[in-house]
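Structure first, commentary second.
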Amino acid sequence: MADLVNEFSWSRSRDATFQDCRRKYYLHYYGSWGGWDAAVAPDVRRLYILKQLASRQMWAGRIVHDAIEMALHIYQLHGLAEMHFFFFTAVTMMIGPPFSKSLLKIVPRTFDEQ
């Protein structure tokens, strides 16, 4: 597999970050580059981990998004989207962080309302 290279690119959001704070731009796009590799310097790894952090709301949104994507995929192949959506969401939340147990109470209600 070819090595990944962090080449310069431009986008409106990158430009806004650069105009806001050049240090923030560097740390976000270049300072944390390669942090997924175990052999990287500790400061780069730390920046990468901090960049990946998400709030509980973002985590829950990602779980729901992934569950909907999986349910639609299963529905296209096999049908029974509601059952698979509930199963995937419940299993994913059970193996997630401790606060996920409170989110399990929300999922059954969504099917009762339909």
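The values are calculated or read from the model by the stated rules, or taken from the named source; none is laboratory data. Not measured: the values here are computed from a predicted model. Every residue, glycine as well, gets a Cβ built from its backbone with ideal geometry; the counts of neighbours run over all protein chains shown.
Computed values, structure above
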quantity: Residue match in the stretch 62-72 (condition: out of contact with any Ser or Thr (no Cβ under 8 Å at 6 or more places or on another chain), modelled with pLDDT of 80 or more and not β-branched (Val, Ile, Thr)); calculated: yes
quantity: Per-region count, the stretch 7-19, residues surrounded by 10 or more Cβ atoms within 10 Å (Cβ to Cβ) and farther than 20 Å from LEU53 by Cα; calculated: 3
quantity: Qualifying residue in the stretch 24-44 (condition: free of Cβ contacts under 8 Å to residues at least 12 places away in the same chain and surrounded by 14 or more Cβ atoms within 10 Å (Cβ to Cβ)); calculated: yes
